[in-house]
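Presented below is the structure to which this report refers.
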Amino acid sequence: DSGVTQTPKHLITATGQRVTLRCSPRSGDLSVYWYQQSLDQGLQFLIQYYNGEERAKGNILERFSAQQFPDLHSELNLSSLELGDSALYFCASSASGHSYNEQFFGPGTRLTVL
Amino acid sequence: KNEVEQSPQNLTAQEGEFITINCSYSVGISALHWLQQHPGGGIVSLFMLSSGKKKHGRLIATINIQEKHSSLHITASHPRDSAVYICAVGSNFGNEKLTFGTGTRLTIIP
C-alpha cells in the first residue's frame with residue numbers, strides 16, 4: 001500500500017458526460033501528479049500540483065482540469081468525454097515535487113467511456 | 001524518436017534466469033526512475049537513480065550518465081516478477097514532469 005488513495009476505482013459513463021476523479025496523497029506529501037495510461041499511448045504526464053499551486057503541465061487537454069485543495073487532496077475533472085478518453089488515470093504523490101523525488105502511485109481509476 | 005526507449009518490449013524467460021531490461025534516453029536528466037506495473041494495473045516505484053548503482057533484494061539498477069543508459073537486472077527470476085517494467089526520466093530543465101518509456105513486459109515461466 002503506497003498510502004495514496006484514489007476514488008472511484010472504476011467509472012463507466014457515456015460520451016459527452018463530465019466526471020471527477022479524486023486523489024488523496026500520502027501523509028506529508030505536498031505534491032500531486034496526474035497521469036493517463038491508455039492502451040496505445042502508454043503513461044503520459046498530465047499535470048502536477050505542489051501545495052495547492054500548479055507546478056508543471058503536460059499533455060492535458062483543454063477539456064480536462066485539475067486542482068489541489070488546502071487539505072492537499074486533488075481532483076481531476078474530465079468533461080465532454082470522448083471514447084478516446086477511456087484509460088487508467090493514476091495519481092502519484094511526492095514529498096517536495098522535484099523530478100528526482102520518488103513518486104508513490106495510487107491504485108488508479110479505470111475510466112470507460114461508452 | 002522517443003525521448004525514452006526501452007528494450008526489449010517483451011521478454012519471456014524461465015524461472016531462475018538472470019534478466020536485463022535496458023533504457024536509453026536522449027535528454028539531460030535529473031533522475032531516472034524504474035517502475036513496476038503489476039497485471040492488476042498497480043504501479044510501484046522500484047528505484048530512483050541519479051548515478052551509479054542501487055540494489056534491493058534480487059533487483060539491481062545501474063545508470064551511466066555519460067552514455068545516457070540504464071539497466072534493470074533481476075537475479076534468480078521468479079514467476080511473481082512477471083510484470084511490466086517502466087523506465088521514466090525526470091528533466092533537468094526545471095520542468096518537473098516525468099517522461100516514460102513504453103515498458104517491457106516480462107513473463108517468467110515456472
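Each reported figure results from applying straightforward, stated rules to the coordinates on display, with no laboratory input. These numbers were taken from a predicted model, which means no experiment stands behind them. Glycine gets a Cβ as well: all are built from the backbone with ideal geometry, and neighbour counts include every protein chain shown.
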Once Lys and Arg are counted +1 and Asp and Glu -1 for all other residues with Cβ under 9 Å from that of B:Ile74, the total becomes -1
So what J values fall out for the range B:24-35 if you push phi through Karplus, 6.51 cos²θ - 1.76 cosθ + 1.60 with θ = phi - 60°, rounded to Hz, Gly and Pro as x?
10, 9, 10, 10, x, 10, 8, 6, 10, 10, 10, 10
Dipole magnitude (debye, nearest 20) for the protein assembly as shown, charges at Cβ of Lys, Arg, Asp, Glu:
240 debye
Given unit charges at Cβ for Lys, Arg (+) and Asp, Glu (-), the dipole magnitude of chain A about its Cα centre in debye, nearest 20, is 160 debye
If amide hydrogens are placed 1.01 Å from N in the peptide plane, which non-local residues have theirs closer than 5 Å to the one on B:Leu46?
B:Trp34, B:Leu35, B:Gln36
When the Karplus curve 6.51 cos²θ - 1.76 cosθ + 1.60 is applied with θ = phi - 60°, which whole-Hz ³J(HN,Hα) does each residue of the range B:14-21 get, with x for Gly and Pro?
7, 3, x, 6, 8, 10, 10, 10
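Given +1 on the Cβ of Lys and Arg, -1 on the Cβ of Asp and Glu, and no further charges, what dipole in debye does chain B carry about its Cα centre, rounded to the nearest 20? Provide the component values of the computation, followed by the final result.
Values: 9 positive and 7 negative charges, 34 e Å.
Charge dipole of chain B: 160 debye, to the nearest 20.
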If you take the charge dipole of the protein assembly as shown about its Cα centre, with +1 on Lys and Arg Cβ and -1 on Asp and Glu Cβ, which of B:Thr62, A:Leu78, A:Phe90 is farthest toward its positive end?
B:Thr62
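Give me the net charge of A:Glu62's neighbourhood, meaning all other residues with Cβ under 14 Å from the Cβ of A:Glu62; Lys, Arg count +1, Asp, Glu -1.
Numbers: positive: A:Arg18, A:Lys57, A:Arg63; negative: A:Glu82, A:Asp85.
Local net charge: +1.
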Based on DSSP, what percent of beta bridges with both residues in the protein assembly as shown are antiparallel, to the nearest 5?
90 percent
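Local charge sum around A:Leu11 (other residues, Cβ-Cβ under 12 Å, Lys/Arg +1, Asp/Glu -1)?
+3
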In order through the range B:71-79: 3J(HN,Hα) via Karplus (6.51 cos²θ - 1.76 cosθ + 1.60), integer Hz, x for Gly, Pro
10, 10, 10, 10, 9, 6, 4, 9, x
